[in-house]
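Novice: If you scroll down you'll find the structure; I have some questions about it.
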Amino acid sequence: MAELKGALIGCGFFAINQMHAWQDVEGASIVAICDRDPERLKLVGDQFGIERRYTDAAAMFADGGFDFVDIATTVASHRALVEMAASHKIPAICQKPFAKTLSDAKAMVEACAQAGVPLMVHENFRWQTPIQAVKHALQSGAIGEPFWGRFSFRSGYDVFSGQPYLAEGERFIIEDLGIHTLDIARFILGDVSSLTARTKRVNPKIKGEDVATILLDHESGATSIVDVSYASKLATEPFPETLIELDGTKGSIRLSQGYRLEVCGPDGVTISDASPPLLSWASRPWHNIQESVLAIQQHWTDRLANGGETSTSGADNLKTLALVEAAYESAANGKRVDIGALLR
Ligand SMILES: NC(=O)c1ccc[n+]([C@@H]2O[C@H](COP(=O)([O-])OP(=O)(O)OC[C@H]3O[C@@H](n4cnc5c(N)ncnc54)[C@H](O)[C@@H]3O)[C@@H](O)[C@H]2O)c1
């Protein structure tokens, strides 16, 4: 089958990972790039040898010549760019956060459905090797039915040097990082019926909250905690590891710092190393995230070539974005928020 041709919009900080990963993906490559900042456009175009370069996405769509678009811009532009892709009947990948509001995200899903084109949110954390290992251990039945979980990301890493815009928004950790952790909680324990959240801002130099604790009621009856922090000063910095605890009717799973996976079941305890591989272009400590970028882009390519909905389709991601909106609502009013009501 002919290789799929892609176009990438937004040549910023994270797009470098996406461009590296596209070079490793089997069955697709990037043929055109776009950034409204000519300097970023030149830097990425030169680094990855892409000749077709645009400062205006509308001009790139008008010229065409690609099978899908990879939108790697920040959230403010997502709705307009996804709708532009839909109007040209071009399948689209959109970075997280999917949209500024749940109603924008619903409109984006609707636009792509009407156009009959696939839409995937680049929600890559569930594709990390250690997270997949936890999912497989749970699916093996080793711990029985899970009734409790904890999904934890606590760090003191300086994310603001690479992504200065993160210090400026009214919202920070739930929208930027917690969104991944909430998605992992859904991926592992299933959809959520209601939640309660508390937030704090510890770092006085940023505008938004940098600590959040969220209690989730899953539709299965399981309860879980998603706790995220960029204000935790730890002896060994765990960035960017998500730590997981699961208790089930027959045993337990613990994914602890250093990618140590412990599965305790009726037949005994298995300890394994769930470390992600270090790809040739990756660098520690980001390699865990970088490998998941390759995995999600390969998944997209395979589904686009062979059919079938992606794991993190736009429709699926509405259920993660609803948790983000609910968490801010609950943190503001102190009350438990019904997720079904937000999604209707
Ligand atoms: N999935 C992950 O693991 C992960 C990690 C980091 C960042 N992100 C997400 O990636 C997105 C980008 O983040 P970043 O840190 O690379 O941001 P960035 O500001 O470094 O890069 C964004 C780029 O998009 C360009 N751009 C913005 N609007 C545009 C438009 N309408 N047309 C053309 N170009 C446009 C900007 O000029 C900039 O070069 C964010 O949504 C962020 O949340 C995801």
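The values are calculated or read from the model by the stated rules, or taken from the named source; none is laboratory data. As the structure is a prediction and not an experimental result, all values here were calculated from the model. Reconstructed Cβ throughout: ideal geometry from the backbone, glycine too, with neighbour counts over all protein chains shown. Surface accessibility is based on the protein's heavy atoms, side chains included, excluding ligands, DNA and RNA. Shrake-Rupley method; radii C 1.70, N 1.55, O 1.52, S 1.80 Å.
Novice: Positive end of the dipole of the chain, charges at C-beta (+1 Lys, Arg; -1 Asp, Glu), about the Cα centre: which of Phe66, His20, Ala341 has its Cα farthest in that direction?
Specialist: Final value for the positive-end residue is Ala341.
Novice: Over the chain, give the accessible area per residue in Å² for a 1.4 Å probe, as an integer.
Specialist: On the way: 14510 Å² over 344 residues.
Roughly 42 Å² per residue, with all protein chains present.
Novice: With an 8 Å Cα cut-off and a minimum separation of 6 or more residues, compute the relative contact order for segment 1-109 in percent. Spell out each step's value before the answer.
Specialist: Details: 178 pairs, mean separation 28.5, N = 109.
It comes to 26 percent, rounded to a whole number.
Novice: Another question, then. Just the Cα atoms of the chain, one point each, no solvent: what log10 I(q)/I(0) does Debye give at q = 0.07, 0.14, 0.15 Å⁻¹?
Specialist: Taking Cα atoms of the chain as identical point scatterers yields -0.29, -1.20, -1.36.
Novice: Within straight cross-link reach of Lys233, meaning Cα distance under 27 Å, which lysines are found once same-chain residues fewer than 8 apart are removed?
Specialist: Lys96, Lys200, Lys205, Lys207
Novice: Mind listing which trypsin sites (Lys or Arg not before Pro) in segment 244-298 are in a DSSP loop and have 15 or fewer other Cβ atoms within 10 Å? Don't jump to the answer; show the numbers that get you there.
Specialist: Numbers: sites: Lys250, Arg254, Arg260; in loops: Lys250.
Here the trypsin sites (Lys or Arg not before Pro) that fit, given the DSSP loop and packing criteria, are Lys250.
Novice: On the accessible surface of the chain, probed at 1.4 Å, how many percent belong to carbon and sulfur atoms?
Specialist: Numbers: 7430 of 14510 Å².
Solvent-exposed carbon and sulfur of the chain make up 51 percent of the total.
Novice: Near the amide H of Leu4, under 5 Å away, which other amide H atoms are found, from residues 5 or more places off or on another chain, if H is placed in the peptide plane?
Specialist: It is Ala28, Ser29, by chain and number.
Novice: On a full-extension model of 0.36 nm per residue, what is the gain between Lys100 and Ala80, subtracting their alpha-carbon distance, rounded to one decimal in nm? Don't skip to the end; give the middle numbers.
Specialist: Details: separation 20, 0.36 × 20 = 7.20 nm, distance 1.16 nm.
6.0 nm is the gain from fully extending Lys100 to Ala80.
Novice: Now, a different point. For Lys250, which lysines qualify as cross-link partners when the Cα separation must be under 22 Å and same-chain residues fewer than eight apart are set aside?
Specialist: Those lysines meeting the cut-off are Lys135.
Novice: Please work out the Cα center distance from segment 114-182 to segment 283-338, rounded to the nearest Å.
Specialist: 7
Novice: Still on this structure, I have one more. Would you mind calculating the relative contact order of segment 96-186 from Cα pairs under 8 angstrom and at least 6 residues apart, reporting the percent as a whole number? Display every interim value, and only then the final one.
Specialist: Working: 37 pairs, mean separation 34.8, N = 91.
Dividing the mean separation by the residue count of segment 96-186 yields 38 percent.
Novice: Same structure again: Dividing the alpha-carbon Rg of segment 242-333 by 2.2 N^0.38 Å yields what? It would help to have the intermediate numbers written out before the result.
Specialist: On the way: Rg = 17.7 Å, N = 92, 2.2 N^0.38 = 12.3 Å.
That works out to 1.44 for segment 242-333.
Novice: Another question, then. Determine the relative contact order of the chain: mean sequence separation of Cα pairs under 8 Å and six or more apart, normalised by residue count, in whole percent.
Specialist: Details: 731 pairs, mean separation 65.2, N = 344.
Computed value for the chain: 19 percent relative contact order.
Novice: Taking the Cα centre of the chain as the origin, how large is its charge dipole in debye, to the nearest 20, when only Lys and Arg (+1) and Asp and Glu (-1) carry charge on their Cβ atoms? Intermediate results must be reported in sequence, preceding the final value.
Specialist: On the way: 32 positive and 43 negative charges, 130 e Å.
Dipole magnitude for the chain comes out near 620 debye.
Novice: Related question: About the Cα centre of segment 238-284, what is the dipole size in debye to 20, counting +1 per Lys and Arg Cβ and -1 per Asp and Glu Cβ, all else neutral? The partial results should precede the final answer.
Specialist: Values: 4 positive and 6 negative charges, 24 e Å.
Taking the Cα centre of segment 238-284 as origin, the dipole is about 120 debye.
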